[in-house]
Amino acid sequence: MSHQRQLVQAAVGFRVKSGWAATVLLVGPLQSPHVLDRRLIDLSDPAVPETRQPYHAAMGRLEEDDARVTARLEVIQRVTNGSVTELLKDYRDTGCEVCGAALVVGSQIDSASIKNAHIRAHALEGRLFRTVLEDAVRSCGLPCSIVLERDAYSKATSALARSEDNLKRAVSGLGRWLDGPWRADEKMSALAAWMALSLADAEGGSTGWGLKSRADTSQAAKP
């Protein structure tokens, strides 16, 4: 008689930054989850520093060389796809069935509305890394939700049926048994993973807390 290993249901949260992301793997049960892994992943190539801020030129100016931007975006997509593929493989190898993911992002401002070129470059990069990471996660077959950092706890109160104060205490407590500091980016990632876990617990039902996904990937590559 053959025995199959039973996988543990889990969800992964990402706090998206420029060129990297903090990730946390959370496993159930939903009412009392715990952190199984935390790490930083590359969304850019450390050997190609300009891929961390691909829309920046020298002296903080907006990069207007389309060829340079295109080359940087190709590297970013390759690195991000590799990082996510490796991450999810590692998680499955530990006996986890990752059932969903959620991304926490800093803003969703329309870069076209920003007159200052330097600030517009940052806005373009924020949208770019969110878009590329979302694509990489979805290409691995995972549902992926997105939430603004400023809205994360208010959205989570509905998704998890807890007060905001209760959630903040619970998220802080998730890091109690971890070695080293439990940083703000990791707490946000954990909260996102918890919200993603709630969707899986509801058997795919939508709670309505996530932002709408980007419909056209090409928009992220155009300054």
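May I ask for the equivalent-ellipsoid semi-axes of the range 8-221, computed as the square root of five times each C-alpha gyration tensor eigenvalue and listed largest first in whole Å?
Details: eigenvalues 179, 66, 50 Å².
With the √(5λ) rule applied to the range 8-221, the semi-axes are 30, 18, 16 Å.
Using DSSP to call loops (not H, G, I, E or B), can you name the chymotrypsin sites (Phe, Trp or Tyr not before Pro) in the range 122-207 whose Cβ has at most 14 other Cβ atoms within 10 angstrom?
Values: sites: 129, 153, 177, 182, 194; in loops: 177, 182.
Listed in order of number, the matching sites are 177.
On a full-extension model of 0.36 nm per residue, what is the gain between residue 61 and residue 7, subtracting their alpha-carbon distance, rounded to one decimal in nm? Intermediate values should be presented prior to the final figure.
Numbers: separation 54, 0.36 × 54 = 19.44 nm, distance 4.89 nm.
Stretched out fully, the residue 61 to residue 7 stretch lengthens by 14.6 nm.
For the range 56-100, what is the per residue volume of the convex hull drawn over the alpha-carbon atoms, in cubic angstrom?
Numbers: hull volume 4.4 nm³, N = 45.
So the per-residue hull volume is 97 Å³.
Taking θ = phi - 60°, what integer Hz values does the Karplus form 6.51 cos²θ - 1.76 cosθ + 1.60 yield along the range 135-150, in sequence order, with x for Gly and Pro?
Computed from phi, the couplings for the range 135-150 are 4, 5, 5, 5, 5, 8, x, 9, x, 9, 10, 10, 9, 6, 4, 5 Hz.
Mean residue ellipticity at 222 nm from the helices of the chain, using -39,500 (n - 2.57) per DSSP H segment of n ≥ 4 over the full residue count, to the nearest 500 deg cm²/dmol?
Working: 5 runs with 89 residues, N = 223.
So the calculated ellipticity at 222 nm is -13500 deg cm²/dmol.
Select from the range 2-69 those GluC sites (Glu not before Pro) which occupy a DSSP coil region and have at most 15 other Cβ atoms within 10 Å, ordered by residue number. If you can, show how the numbers build up before the last one.
Values: sites: 50, 63, 64; in loops: 63, 64.
Those satisfying the criteria are 64.
Which ³J(HN,Hα) values in Hz, rounded to whole numbers, follow from the phi angles of the range 177-183 under the Karplus curve 6.51 cos²θ - 1.76 cosθ + 1.60, where θ = phi - 60° and Gly and Pro get x?
Each residue of the range 177-183 in turn: 9, 8, 6, x, x, 9, 7 Hz.
Determine the percent antiparallel among the DSSP beta bridges restricted to the range 8-221, to the nearest 5. Display every interim value, and only then the final one.
On the way: 16 of 28 bridges.
Once the DSSP bridges in the range 8-221 are tallied, antiparallel ones form about 55 percent.
For the range 1-105, which trypsin sites (Lys or Arg not before Pro) pass both filters: DSSP loop (anything but H, G, I, E, B) and at most 12 other C-beta atoms within 10 Å?
Working: sites: 5, 15, 17, 38, 39, 52, 61, 68, 72, 78, 89, 92; in loops: 5, 17, 52, 61.
Sites meeting the loop and neighbour criteria: 5, 61.
Quick check: the angle from helix 164-174's long axis to the longest principal axis of the chain, C-alpha only, nearest 10 degrees?
Helix 164-174 sits at roughly 80 degrees to that axis.
Please give the FRET efficiency for residue 85 paired with residue 169, using the beta carbon to beta carbon distance and R0 = 30 Å, rounded to the nearest 0.05. Let's see the in-between values first.
On the way: r = 35 Å, r/R0 = 1.16.
For residue 85 and residue 169, the calculated efficiency is 0.30.
Quick note: the coordinates plus some simple rules give every number you see, no bench work behind them. Since this is a predicted model, take the numbers as computed values, not measurements. All Cβ positions, glycine included, derive from the backbone under ideal geometry; neighbour counts span all protein chains shown.
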